[in-house]
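Derivation of every value follows stated rules applied to the coordinates shown; laboratory data play no part. Computed from a predicted model, the values in this text were never measured in an experiment. Positions of Cβ are generated from backbone atoms using ideal geometry, with glycine treated the same way; all protein chains shown enter the neighbour counts.
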Amino acid sequence: MKPKIFQYLTLPALNLFRWSALITVFVGFWYWAQIFVGPDAQRIGVGAGSTIGLFLLVWIVSWGILFAVIKKLPSGYVLGAVTAVVVIAAAWLFVNYTPVGQDDNHVLSIGVGGGFGFIMLFNVWGIIWPNNKKIIKGTLAGTPPADAATLARQAFLASRTNLYLSVPLLFFMATSSHYTILGK
């Protein structure tokens, strides 16, 4: 029974989740760049690329740090502390050094919330999906990988990180238009 569940339910569900995450982040990123960053850049007479580039740099580097930590299999408390420090530092860098939109709550709030979304996307595509795929394919073949426990723990830690990042992600997305906390 278990192989059929893996083959016909778990793999397709994980595949749907990862593609849903990609489409959501892509559309959100496009919306943020076109609707908020672009007009702010045009208003002050500069290009939007500097803010978009800073966003990508800060949040991709942040995920790289978290990726390296998750691969070392820390305790949940250590990962939680490292994640908090990394995302707070990344948010601070983005808010304080963004060239376009420093006075725009939409640009800043969505930039921080979207950064959390980028980390979550990269966790899904870089850790959760590949690790679960190896475990499931091995189980379906009759010989799970020798490091299945390690792969499962890494996927679990990345999933838990995504769970905890989802609350501040939603908070920052909501504050972009309902409660001004950043900018003016």
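Structural remarks
- Residue, surrounded by the most Cβ atoms within 10 Å (Cβ to Cβ), within region 68-97, restricted to residues that are touching a helix residue (DSSP H, G or I) at 6+ places or on another chain (Cβ under 6 Å) and among the small types (Gly, Ala, Ser): 90
- Restricting attention to region 11-67, the residues being hydroxyl-bearing (Ser, Thr, Tyr) and surrounded by fewer than 17 Cβ atoms within 10 Å (Cβ to Cβ) number 4.
- All conditions in (1) closer than 29 Å to residue 6 by Cβ; (2) outside any helix (DSSP H, G or I); (3) not basic (Lys, Arg) hold for residue 117, with the sole exception of (2).
- Among the candidates 107, 100, residue that is assigned to a loop (DSSP other than H, G, I, E, B), in contact with a helix residue (DSSP H, G or I) (Cβ under 7 Å, 6 or more places away or on another chain) and among the β-branched types (Val, Ile, Thr): 100
- Within region 140-152, not a single residue is part of a helix (DSSP H, G or I), buried (at least 17 other Cβ atoms within 10 Å of the Cβ) and of a type outside the set (A, V, I, L, M).
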